């Protein structure tokens with residue numbers, strides 16, 4: 001009808017965010033005629049402004065607390081006064097700080113062989129003044145742990161907030177974890193990717209029901225400084241015929257890896273699918289399980305994915321793969337990062353000689369849903385060099401398959417940390433290297449090496465050849481060749497006839513990235529549900545007062561306010577502090593409104 005759309009002044013902002021919105025209406029009749037109408041409207045911000053501390057008149061046993069409140073739409077507000085707590089390094093009796101370096105990030109347990117901060121170190125982190133305490137380690141993951149002893153009155157309905165201020169090195173991801181007593185694990189709470197050497201803040205609020213037990217709360221902030229040195233990865237693919245009829249060869253491969261773990265500094269093993277030939281034959285799965293358990297028993301990190309033979313030719317089910325190589329097999333391993341649909345996909349986190357990797361696997365039958373999951377994981381770990389593993393990606397022609405091209409466009413190109421893609425499926429050994437311009441300046445910023453390895457069409461299913469990947473940090477190269485412990489022979493393909501088909505070097509940035517965690521300041525705030533008092537119908541721009549009495553002399557107290565308008569708009573103030581006087585304070589008669597005073 002040509003009329004503009006007018007929304008009621010207090011349309012719920014829980015449904016629409018404040019700001020400009022566009023409503024498009026399309027009307028069509030049965031004859032195919034169609035008309036489109038577009039209307040623009042605005043939603044005002046409903047939440048009250050952040051309350052401002054107006055005044056605190058403090059006596060020995062009473063305190064008059066005053067806050068000034070405002071609302072962007074001039075609504076009247078209800079102001080509730082609550083008790084709070086704050087704990088910092090200024091009070092070593094409430095906050096204890098420890099430093100250590102663990103084998104994993106985060107540590108597997110809550111406490112390890114830690115060293116407490118000294119008194120001078122505690123003094124350095126007692127104020128946000130640029131004075132820091134740094135912990136470094138050349139081989140493990142250094143961290144600072146903050147153990148906070150909270151007031152016994154704090155219960156599971158309260159909210160606990162940790163605030164850490166410090167610094168790291170450019171490009172490093174520093175993470176805050178809070179110990180979850182329900183799951184008995186460190187729970188990632190906040191992280192920052194440092195853009196420069198300037199200080200930054202990590203901050204997170206969690207339920208006291210999860211984070212507080214026996215009046216204790218634990219927080220760690222962690223990063224890593226690793227060691228230098230060369231190391232090796234091993235890559236197996238398409239072991240299907242070994243599982244089917246040559247289990248002795250399969251056993252020989254994993255036994256060799258175990259026996260040469262120290263000699264070749266083997267840090268990790270890849271398997272890019274077709275573990276078995278027929279997913280319906282249990283004997284093949286048992287053969288594969290027996291061979292791969294050699295790596296489990298030796299404590300060698302490895303990852304697997306399902307090829308087309310592993311998921312069933314007829315129904316494509318992952319059921320049996322999940323029974324033998326599902327997430328339950330890996331979930332307690334230190335390198336295992338997380339699972340997608342019971343290990344249909346997963347990622348591993350590994351640090352070797354100063355290089356931090358994320359290995360991401362996705363099994364047969366990749367759709368947009370799987371690609372979305374891979375991208376989410378890559379964005380979570382932008383500082384780790386990514387090696388992607390699929391069963392099908394590169395063709396024997398050296399070109400990408402259709403699904404490989406999709407992965408390249410949607411995953412490899414957008415994610416700057418992807419350096420390598422490994423695949424099998426097609427019987428050959430090929431490589432393709434693409435130089436990518438990430439910043440659009442016309443110059444390559446990184447190389448992505450895409451490699452196919454599959455020896456299954458050889459005698460006895462490939463005679464146990466597998467690819468050895470040696471990381472040469474001095475040369476910034478990964479030297480590759482194939483080796484069979486079954487025949488004790490290097491390179492499946494004759495290098496005189498096939499040049500660099502099996503043996504070649506790939507450029508990769510392998511300079512160890514220095515990392516550190518440097519704490520400047522830490523505090524823990526607790527927002528309790530202990531209501532001190534309540535003021536109703538406070539007009540915008542006015543001040544709400546409350547008298548907190550029954551206090552102890554010469555004591556520190558904390559409090560905060562919650563401001564609500566009639567339309568569900570809600571704002572929580574910071575926590576404020578005061579200290580009561582040592583001697584009784586006698587205010588003038590009009591200084592306290594005893595009519596409305598209330599005890600906690």
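Among the listed residues 36, 104, which satisfies the condition of being in contact (Cβ under 8 Å) with a residue 12 or more places away in the chain, over 30 Å from residue 531 (Cα atoms) and assigned to a strand (DSSP E or B)?
Only one candidate passes the filter, namely 36.
Residues that are loosely packed, with under 15 Cβ neighbours inside 10 Å and at pLDDT 95 or above, at least 1 per element: which strands (runs of 3 or more DSSP E) completely within the stretch 351-438 meet that?
In the stretch 351-438, 428-436 are the strands (runs of 3 or more DSSP E) which contain 1 or more residues that are loosely packed, with under 15 Cβ neighbours inside 10 Å and at pLDDT 95 or above.
Taking the stretch 251-263 as the search range and keeping residues that are farther than 23 Å from residue 361 by Cβ and part of a loop (DSSP other than H, G, I, E, B), which one is modelled with the highest pLDDT?
260
Filter the stretch 72-101 for residues that are buried (at least 17 other Cβ atoms within 10 Å of the Cβ) and in a loop (DSSP other than H, G, I, E, B); which is farthest from the chain's Cα centre (by Cα)?
Taking the candidates together, the pick is 75.
Right, residue 152: touching a helix residue (DSSP H, G or I) at 6+ places or on another chain (Cβ under 6 Å), more than 30 Å from residue 19 (Cβ to Cβ) and not assigned by TED's automatic domain parsing to the domain that holds residue 25 or not?
Spelling it out, it is not the case that residue 152 is touching a helix residue (DSSP H, G or I) at 6+ places or on another chain (Cβ under 6 Å), more than 30 Å from residue 19 (Cβ to Cβ) and not assigned by TED's automatic domain parsing to the domain that holds residue 25.
Could you please let me know if residue 292 is on the phi < 0 side of the Ramachandran plot, at pLDDT 95 or above and crowded, with 20+ Cβ neighbours inside 10 Å?
Here the answer is yes, as residue 292 does meet what is asked.
Restricted to the stretch 325-336, and to residues that are in contact (Cβ under 8 Å) with a residue 40 or more places away in the chain and farther than 11 Å from residue 304 by Cα, which residue is surrounded by the fewest Cβ atoms within 10 Å (Cβ to Cβ)?
Looking at the filtered set, the residue picked out is 334.
Restrict the check to the stretch 234-250 and report whether at least one residue is under 28 Å from residue 345 (Cβ atoms) and modelled with pLDDT under 95.
no
Of everything in the stretch 458-477, what is under 26 Å from residue 252 (Cα atoms) and free of Cβ contacts under 8 Å to residues at least 40 places away in the same chain? Give them in sequence order.
Within the stretch 458-477, 458, 459, 465 meet the criteria.
Does the stretch 503-524 include one or more residues that are within 30 Å of residue 244 (Cα to Cα), over 29 Å from the mean Cα position of the chain (by Cα) and either assigned by TED's automatic domain parsing to the domain that holds residue 276 or outside any loop (DSSP other than H, G, I, E, B) (or both)?
Yes, because at least one residue in the stretch 503-524 is within 30 Å of residue 244 (Cα to Cα), over 29 Å from the mean Cα position of the chain (by Cα) and either assigned by TED's automatic domain parsing to the domain that holds residue 276 or outside any loop (DSSP other than H, G, I, E, B) (or both).
Residue check: is residue 109 surrounded by fewer than 18 Cβ atoms within 10 Å (Cβ to Cβ) and modelled with pLDDT under 95?
Yes: the conditions hold for residue 109.
Which residues, taken from the stretch 338-350, are free of Cβ contacts under 8 Å to residues at least 60 places away in the same chain and surrounded by fewer than 20 Cβ atoms within 10 Å (Cβ to Cβ)?
The answer is 338, 339, 341, 342.
Exactly one of (1) touching a residue at least 40 places away in the same chain (Cβ under 8 Å); (2) outside any strand (DSSP E or B) is unmet by residue 120. Its number?
(1)
Out of (1) farther than 17 Å from residue 217 by Cα; (2) in contact with a strand residue (DSSP E or B) (Cβ under 7 Å, 6 or more places away or on another chain), what's the single condition that is false for residue 148?
(1)
Going through the stretch 356-373 one residue at a time, which ones are out of contact with any strand residue (DSSP E or B) (no Cβ under 6 Å at 6 or more places or on another chain) and over 18 Å from residue 302 (Cα atoms)?
Residues satisfying the conditions are 364, 365, 366, 367, 368, 369, 371, 372.
Test of understanding: among 264, 271, which residue is assigned by TED's automatic domain parsing to the domain that holds residue 469, touching a strand residue (DSSP E or B) at 6+ places or on another chain (Cβ under 8 Å), within 28 Å of residue 503 (Cβ to Cβ) and surrounded by fewer than 23 Cβ atoms within 10 Å (Cβ to Cβ)?
Step by step, each of 264, 271 is checked, and only 264 is assigned by TED's automatic domain parsing to the domain that holds residue 469, touching a strand residue (DSSP E or B) at 6+ places or on another chain (Cβ under 8 Å), within 28 Å of residue 503 (Cβ to Cβ) and surrounded by fewer than 23 Cβ atoms within 10 Å (Cβ to Cβ).
The values are calculated or read from the model by the stated rules, or taken from the named source; none is laboratory data. Owing to the predicted nature of the structure, the values given are computational and were not obtained by experimental measurement. Heads up, the Cβs are rebuilt from the backbone with ideal geometry, glycines too, and the neighbour counts pull from every protein chain shown.
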